[in-house]
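Have a look at the structure below, then the notes.
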Amino acid sequence: MSAAWFNESRPTGGMSRRQLMFLSTAVATAPLVAPLSAGTAHGAEGEEQAYQQAFETMLATDPNVRRHREPGREFCYRPRQLLVAQADTPRVVARLREYGHPTQTGGRFAGVTKLVFGTEADIPTLVRRLRDPKQWPGGAVPAVQPHHVAVGFGNIMGNPGAPPRAAGALPVPDPARLGEGAGVTVGVCDTGIWRDAGAYHPVWLAGSYLPEFDDEDPVYLHDDVLAVQGGHGTFVAGVVRQAAPGVRFDPEQALNRSGVGDEEMLVGALARLGQAVSIVNLSLGCFTQDDVPPVPIVNAVAALPDRTAVVAAAGNAGVGRPTWPAALDRVVAVAAVRRSGTTIEPEPASNFGPWVSACAIGDRVSTYVPGVFPLPGLPDRLFDGFASWSGTSFAAAHVSGRLAAMMTAGNLDAEQARLALLATPPWHPDYGVFVS
């Protein structure tokens, strides 16, 4: 199969990546399960606009989300909150008081203090001011940031993304592949898992995870009406299992049913992962103010065991701007590509850049939930437990599963599998290695 890469308008990244060249065939020869049929790979423009409108409306009506809209520097954040490195907290609190902004401590997590304002405040402007070295003559600039809001990468902040579509049931797993990923557990920090996922999908999901109440994705807004990203975690889990049918997964809720969370929620989900987890899948992320790495997420990822591999979606805004945690050095950042005839080409909605480690097909059919998915101005979509969906969320989930398959095929730990994966040729600038 040939690969066509249309990058004329995109900056190219360097090739300074690990050059280990061993055990790569486990990735190169892995078959795709249930590829989408022609004509269902991409939603019509009207569907995408309606999906974006639904997401915009959801964000606009959420009192706990604010949006910084400066072009090229957009991000979402929690209102009336600042996160400050614990060592810097006393002097930041004192300086905020001088500015006329008294705060209260809202708790501590992952090396930061959450400061809460009693009234509305212009958080981005305060952060910019507190980061100005002129405010700290003779002293170090404190580590201070907004409390960034993360979203599931079936969409991000209304940028390109298409809604899920109803699909037929997946075929049963190939018996010859049931050993792939056996003995490996993937942590899936996402919207959680639908309460009835195992019973509704006995072939693909039953027995592959331990159902726990605090991992449940509520899925529905009311009755059988699905939230904007209700079922996202269940879909992701199915993609992981298709890539490695023998793998187990540990679902943890880092996002609500609308696909919205924050740094504290993600840190909490990472902390709840079981000791058996060796690969962590994060089909979510955020932009940050001034593209600065977010301190709590940096600390939480660094606190994971050294041999744990972390895979994160690059995001679906169609830009080269880094998203987090994908852009962290330790993380396998995954972009989405698509099939066009016999070639592979970039998915226009996918983020890209030299910080991207790998790419995979983003259009997937997977386990979903039954229900009604409303779209503004369009007929409701009806689902009966399976769906097709496109995004870097699902490319990342596939890569997580293939890492698990590499572990069993080569008797590797997760870090060894990660290094082998990233050594797989060819290397495509801004998209990393292609994982089939």
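Any idea how many residues of segment 109-128 are of a type in the set (A, V, I, L, M) and part of a helix (DSSP H, G or I)?
Result for segment 109-128: 3.
Among R381, R402, which is among the charged types (D, E, K, R) and under 21 Å from the mean Cα position of the chain (by Cα)? Walk me through it before giving the result.
On the way: R381 fails: under 21 Å from the mean Cα position of the chain (by Cα).
From the options R381, R402, the qualifying one is R402.
Would you mention how many residues in segment 285-315 are out of contact with any Asp or Glu (no Cβ under 8 Å at 6 or more places or on another chain), assigned to a loop (DSSP other than H, G, I, E, B) and farther than 18 Å from L270 by Cβ?
The number of residues fulfilling the criteria is 3.
Confirm whether R129 is in contact with a strand residue (DSSP E or B) (Cβ under 8 Å, 6 or more places away or on another chain), surrounded by 14 or more Cβ atoms within 10 Å (Cβ to Cβ) and charged (D, E, K, R).
It is false that R129 is in contact with a strand residue (DSSP E or B) (Cβ under 8 Å, 6 or more places away or on another chain), surrounded by 14 or more Cβ atoms within 10 Å (Cβ to Cβ) and charged (D, E, K, R).
L266 passes all but one of (1) surrounded by fewer than 23 Cβ atoms within 10 Å (Cβ to Cβ); (2) part of a helix (DSSP H, G or I); (3) touching a residue at least 24 places away in the same chain (Cβ under 8 Å); (4) among the aliphatic types (A, V, I, L, M); which number fails?
Going through the list (1) surrounded by fewer than 23 Cβ atoms within 10 Å (Cβ to Cβ); (2) part of a helix (DSSP H, G or I); (3) touching a residue at least 24 places away in the same chain (Cβ under 8 Å); (4) among the aliphatic types (A, V, I, L, M), L266 breaks only (1).
Of the residues T89, T12, T40, which single one is at pLDDT 95 or above, among the hydroxyl-bearing types (S, T, Y) and either surrounded by 12 or more Cβ atoms within 10 Å (Cβ to Cβ) or in a strand (DSSP E or B) (or both)?
T89
One line per residue, one yes/no per condition, for (1) among the aromatic types (F, W, Y); (2) surrounded by fewer than 21 Cβ atoms within 10 Å (Cβ to Cβ):
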{"site": "A276", "(1), (2)": "no, yes"}
{"site": "F287", "(1), (2)": "yes, no"}
{"site": "P293", "(1), (2)": "no, yes"}
{"site": "A300", "(1), (2)": "no, no"}
{"site": "L304", "(1), (2)": "no, yes"}
{"site": "V310", "(1), (2)": "no, no"}
{"site": "R330", "(1), (2)": "no, yes"}
{"site": "P348", "(1), (2)": "no, yes"}
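If I filter segment 148-160 for residues that are closer than 23 Å to S283 by Cα and without any contact (Cβ under 8 Å) to a residue 24 or more places away in the chain, do I get at least one hit?
No: zero hits.
Can you find even one residue in segment 362-370 that is within 30 Å of A199 (Cβ to Cβ), hydrophobic (A, V, I, L, M, F, W, C) and part of a helix (DSSP H, G or I)?
For segment 362-370, residues within 30 Å of A199 (Cβ to Cβ), hydrophobic (A, V, I, L, M, F, W, C) and part of a helix (DSSP H, G or I): absent.
Go through segment 332-361 and report how many residues are aliphatic (A, V, I, L, M), without any contact (Cβ under 8 Å) to a residue 60 or more places away in the chain and either over 21 Å from G401 (Cα atoms) or not assigned by TED's automatic domain parsing to the domain that holds C286 (or both).
0
Any residue at all in segment 421-431 that is assigned to a helix (DSSP H, G or I), out of contact with any Cys (no Cβ under 6 Å at 6 or more places or on another chain), over 30 Å from H222 (Cα atoms) and touching a residue at least 12 places away in the same chain (Cβ under 8 Å)?
The answer is yes, given that some residue of segment 421-431 is assigned to a helix (DSSP H, G or I), out of contact with any Cys (no Cβ under 6 Å at 6 or more places or on another chain), over 30 Å from H222 (Cα atoms) and touching a residue at least 12 places away in the same chain (Cβ under 8 Å).
Select from segment 405-415 the residues that are touching a residue at least 40 places away in the same chain (Cβ under 8 Å) and farther than 20 Å from A336 by Cβ and list them in ascending order.
Matches in segment 405-415: M406, M407, T408, A409, G410, L412, D413, A414, E415.
I'd like the full set of residues that are of a type in the set (D, E) and not in a helix (DSSP H, G or I), limited to segment 400-420.
Within segment 400-420, just D413 meets the criteria.
Check every one of the strands (runs of 3 or more DSSP E) wholly within segment 140-256 and list those with 3 or more residues that are hydrophobic (A, V, I, L, M, F, W, C) and either assigned by TED's automatic domain parsing to the domain that holds T308 or crowded, with 19+ Cβ neighbours inside 10 Å (or both). I'd like the intermediate steps shown before the answer.
On the way: elements: 144-152, 185-190, 220-222, 248-253.
Because the criterion is at least 3 residues that are hydrophobic (A, V, I, L, M, F, W, C) and either assigned by TED's automatic domain parsing to the domain that holds T308 or crowded, with 19+ Cβ neighbours inside 10 Å (or both), the strands (runs of 3 or more DSSP E) in segment 140-256 that meet it are 144-152, 185-190.
If we keep just the residues of segment 350-361 that are at negative phi, within 17 Å of the chain's Cα centre (by Cα) and assigned to a loop (DSSP other than H, G, I, E, B), which is surrounded by the most Cβ atoms within 10 Å (Cβ to Cβ)?
So, considering only residues that are at negative phi, within 17 Å of the chain's Cα centre (by Cα) and assigned to a loop (DSSP other than H, G, I, E, B), the one surrounded by the most Cβ atoms within 10 Å (Cβ to Cβ) is N351.
Any idea which residue in segment 113-126 is nearest to V295 (Cα to Cα), counting only those that are buried (at least 17 other Cβ atoms within 10 Å of the Cβ) and aliphatic (A, V, I, L, M)?
Top of the filtered list is L115.
The values are calculated or read from the model by the stated rules, or taken from the named source; none is laboratory data. For clarity, every value in this text was computed on a predicted model and none was experimentally measured. A quick note on method: Cβ atoms are made from the backbone with ideal geometry, for glycine too, and the neighbour counts reach across all protein chains shown.
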